[in-house]
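Written below as structure tokens is the structure these notes are about.
The values are calculated or read from the model by the stated rules, or taken from the named source; none is laboratory data. It should be emphasised that the depicted structure is a prediction, and the values quoted were computed from it without experimental measurement. Cβ coordinates were reconstructed from backbone atoms using ideal geometry, including for glycine residues, and neighbour counts include every protein chain displayed. With ligands, DNA and RNA removed, areas are computed over all heavy atoms of the protein, side chains included. Shrake-Rupley method; radii C 1.70, N 1.55, O 1.52, S 1.80 Å.
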Amino acid sequence: MMDVIKTKRLVLRPLEASDASGMVQGFNDYEVVKWLEAPPQPFTKSDVKLRNHDGSSRWPETAVIEHQGKMVGTMS
């Protein structure tokens, strides 16, 4: 389990199901996806799969970057 890290400006925290709409927004923004290998296009909420069939985390090392309570990115 990843710890939550808080600074004066940012919060780094584990990815949660409630982050799906922020992920959809980011993955459909050309300025974001031009730096990625090959995300599905268009990216929809059905593309956000947080768990594998065995129940393990699909993206165990992915952290959400928050600024002023809003998702501004992810990192892994």
(message) Out of everything in the stretch 33-46 that is open to solvent by less than 50 Å² (accessible area, probe 1.4 Å) and in a loop (DSSP other than H, G, I, E, B), what residue ends up being modelled with the lowest pLDDT?
(response) 39
(message) Condition first: under 14 Å from residue 19 (Cα atoms) and either surrounded by 12 or more Cβ atoms within 10 Å (Cβ to Cβ) or among the aliphatic types (A, V, I, L, M) (or both). Now tell me which residues in the stretch 59-76 satisfy that.
(response) 59, 62, 63, 64, 65, 66, 71, 72, 73, 74, 75
(message) Residue pairs, Cβ under 6 Å, 6 or more apart or interchain, first in the stretch 25-45 and aromatic (Phe, Trp, Tyr), second surrounded by 11 or more Cβ atoms within 10 Å (Cβ to Cβ) and assigned to a loop (DSSP other than H, G, I, E, B). List them.
(response) 27/39; 27/43; 43/28
(request) Given the conditions (1) within 29 Å of residue 9 (Cα to Cα); (2) open to solvent by less than 60 Å² (accessible area, probe 1.4 Å); (3) not in a strand (DSSP E or B), report the number of the one that residue 49 does not fulfil. (result) (2)
(request) Restricting attention to the stretch 1-31, report how many residues are of a type outside the set (Lys, Arg) and open to solvent by less than 60 Å² (accessible area, probe 1.4 Å). (result) 13
